[in-house]
Amino acid sequence: MRTALTAVLAVLYALLAVVVFGLTGVFGEFGEQLWRDVAVLLLTVVAACALTYVSLLLMTFWQEVRSPHGSAGDPEALQWHVLVPCRDEESVIAETVSAARTSFPSMHVWVIDDASEDATAQVVRDLMVFDDRVHLISRVAPEARTGKGDALNAAYRIVSAHVGGDEEERHRTVIGVLDADGFLSDNALAMLAGPESFGEASTGAVQLEVWMKNRGDRRPRPADGRLRNAIGRVLVRMQDLEFRTTNSAMQVLRVRTGTVGMGGNGQFTRLSVLDALTAEHGKPWGKKLCEDYELGLNILAQGMRTHYVRQAHVSQEALPFTRRLITQRTRWAQGNMECASALPGLRRGGHLSPSGLAEIHYFMLQPLVMMLNLVLIPLLLVLGVAEDPAGFWRGSTLLTLALGGLFFLVLPYAVWGLVYRRVTGGEVSWPLAVGLGLCNLVYVYLTYIYYVRATWRAVTGRTGWAKTRRNADGRAPVAVQLSAALEALPLMRLEALEELAAELEGRSDLGIDFVAGWAVMWPTRTARLERAIAAEDPLAIRDAIGSVRVSSAMVGADRLERAATDLEQALERGEMEACRAQLPVVDAIGRETVDLLRREVSVRRELLHSPPRDQAAPTAARMVTVPRS
């Protein structure tokens with residue numbers, strides 16, 4: 001039924017395009033010049049295909065939104081390892097590791113430091129003091145900084161050795177990839193373990209939906225004025241709209257065609273599948289600028305199934321800077337163009353259905369389609385004006401152009417603003433949804449800039465890329481002056497550790513583990529508070545403050561508890577600027593408290609596991625927790 005409806009729509013759109021572009025005389029009389037006739041026919045085919053594709057996306061996605069197909073499974077049936085490639089990520093990595101380990105206690109987090117020049121590695125080492133499931137993989141020159149794919153391949157070899165050689169165990173082990181600013185939703189592993197995902201033994205890889213975590217930020221560019229912040233807010237929202245509507249719709253459609261693609265953030269692959277790719281290619285990830293999409297194509301070429309989950313998500317930081325956004329998307333566009341080299345192998349493999357091959361080829365042809373539109377539409381318009389100026393400016397001709405532009409150029413993109421309102425649960429109002437839809441028209445046409453730049457880079461043989469700067473990069477830390485009342489309070493009442501041990505059946509190890517867990521979670525708590533204040537959301541701010549205040553009281557962090565109380569009082573008075581001013585105080589005290597705990601936990605764990613003087617030290621393989629005497 002869907003195939004027949006698609007065919008009918010394609011025919012209708014083609015006929016409409018023929019009437020608008022060929023028979024109305026907008027671009028001159030049809031049949032007078034061969035090259036112009038060919039150009040009009042090309043434009044007609046492109047327009048009809050684009051409208052058919054958008055209609056198919058809307059129908060498929062709307063059905064999925066109304067009746068989701070995904071269901072949860074048991075995450076404990078699988079082993080989970082997440083790789084986090086990093087290069088100069090000290091501003092975000094602590095929060096990412098903290099969020100992953102706090103939400104998913106059974107998950108191993110492997111941070112790949114690709115010869116960072118900042119404190120990325122030290123931040124991770126500090127977290128490793130508290131958590132033995134946080135690992136650091138350090139890459140140094142000359143192997144380092146040769147591409148994200150190489151960094152992931154290096155981590156694959158280390159994790160592979162860690163898991164061991166049991167084939168069944170390797171098939172049960174899932175390797176995820178997170179950006180250094182990536183957050184998984186709390187239900188991510190449950191949905192990834194579902195029967196449609198890794199609960200099905202034939203599933204080789206799964207991609208999560210992507211959200212923008214700073215979409216509510218009122219000042220995404222704090223160092224700039226109101227106009228630039230307004231532009232920044234729109235850019236951030238448009239990236240969230242893009243990933244949660246059009247990109248997600250493409251992936252939902254690909255679930256049906258069997259061609260789901262992998263993204264750089266939130267991709268998960270079975271270790272056994274990475275083994276199979278290594279056996280064929282020598283390594284799982286390739287050298288293309290979009291090594292993530294290349295991985296997905298190689299998995300499909302192996303005849304393995306890929307899947308997409310939109311009931312769970314990974315959050316990342318959107319870019320409020322136009323130049324950084326264009327640089328990032330140029331790299332993505334060039335990477336997708338490079339992946340076209342995989343098409344012959346996919347055709348020969350015979351693993352994809354006709355609809356799957358059609359979907360992948362249409363996606364790969366997007367740069368060519370963009371270039372055709374960029375050249376043909378202005379050329380034909382200029383020719384139409386030059387040949388018959390009086391006729392071109394007639395009311396009927398202009399009306400035809402306006403209606404044709406509205407139907408073929410505006411509506412296919414503007415409608416996604418309304419879809420965005422639905423998928424966000426009314427996060428934006430109706431007027432704002434309409435406005436975002438119209439902004440989407442401008443935002444989508446920025447792709448012409450991406451593809452032109454990407455094409456030029458490909459033609460000139462430029463394949464290198466610069467890391468996209470984080471929004472927090474380059475921001476100087478705010479100087480903090482504590483009040484006398486705060487200075488008078490201790491950072492930490494160390495006797496609280498003994499009190500905790502007494503409450504936990506007298507076990508010192510459990511008390512230490514409790515405060516270690518608090519320290520690991522601190523970056524998540526402070527980041528949650530920072531985002532709530534940035535969004536100026538009183539309810540979210542109150543919840544975040546409550547989390548800091550109550551947890552601080554539980555571990556005896558008196559100074560931090562008082563700072564959180566002061567922030568809460570500023571919120572109750574409705575003084576948002578005072579809240580902003582108090583945030584660096586809370587953050588600074590929190591970091592100082594964690595530093596104190598790091599030293600204390602290290603010493604206490606060493607004492608706890610030290611053998612009596614008259615006993616030989618146990619081997620690492622036999623080391624056990626020493627019971628409390």
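The values are calculated or read from the model by the stated rules, or taken from the named source; none is laboratory data. On a predicted model such as this, the values are computed, not experimentally measured, just so you know. Positions of Cβ are backbone-derived with ideal geometry, glycine not excepted, and every protein chain shown enters the neighbour counts. For accessibility, only protein heavy atoms count, side chains too; no ligands or nucleic acids. Shrake-Rupley method; radii C 1.70, N 1.55, O 1.52, S 1.80 Å.
Applying the criteria of a DSSP loop state and at most 15 other Cβ atoms within 10 Å to the chymotrypsin sites (Phe, Trp or Tyr not before Pro) of the stretch 403-483 yields Y445. Helix 93-103 and the longest principal axis of the C-alpha atoms of the chain enclose an angle of approximately 80°. Working from Cα pairs under 8 Å separated by at least six residues, relative contact order for the chain is 14 percent. Listed peptides 178-188, 52-62, 422-432 appear in the order 178-188, 52-62, 422-432 once ranked by packing, highest mean of other Cβ atoms within 10 Å at the front.
The angle between the Cα long axis of helix 538-555 and the main principal axis of the chain comes to about 30°, on a 0 to 90 degree scale.
When DSSP assigns beta bridges and you keep just the ones with both residues in the chain, what percent turn out antiparallel, to the nearest 5? Just about 25 percent of them are antiparallel. In the stretch 128-176 the Cα-Cα distances spread across 5 Å bins starting at 0 as 5, 15, 23, 20, 19, 13, 4, 0 percent of all pairs. Against the chain, whose longest principal axis comes from its Cα atoms, helix 508-534 is set at around 40 degrees.
Highest mean packing first, where packing is the average number of other Cβ atoms within 10 Å per residue, the peptides 579-588, 566-575, 106-115 line up as 106-115, 579-588, 566-575. Determine the shape class of the stretch 283-327: with a ≥ b ≥ c the square roots of the Cα gyration tensor eigenvalues, call it rounded for a/c under 1.5, and otherwise prolate if a/b is greater than b/c, oblate otherwise. Verdict is oblate for the stretch 283-327. Remark: the Cα gyration tensor places the stretch 24-141 in the oblate category, a/c being 1.5 or greater and a/b not exceeding b/c. For K283, the lysines whose Cα comes closer than 30 Å to its Cα, not counting residues fewer than 8 places off in the same chain, are K148, K467.
Only helices enter the 222 nm calculation for the chain: every DSSP H run of n ≥ 4 contributes -39,500 (n - 2.57), and dividing by all residues gives -18500 deg cm²/dmol, rounded to 500.
Please give the net charge around R270, taking every other residue with its beta carbon less than 13 angstrom from that of R270, where Lys and Arg add +1 and Asp and Glu add -1.
-2
Solvent exposure of the chain, expressed per residue, is 46 Å² of accessible area, with all protein chains present and a 1.4 angstrom probe. The stretch 258-310 and the stretch 90-155 have Cα centres lying 22 Å from one another. Of the options (1) 47; (2) 68; (3) 53, only one is percent of Cα pairs over 33 Å apart as computed from these coordinates, and that is (3).
Shape class for the stretch 302-461, computed from the alpha carbon gyration tensor (a ≥ b ≥ c): oblate, with a/c not under 1.5 and a/b at or below b/c.
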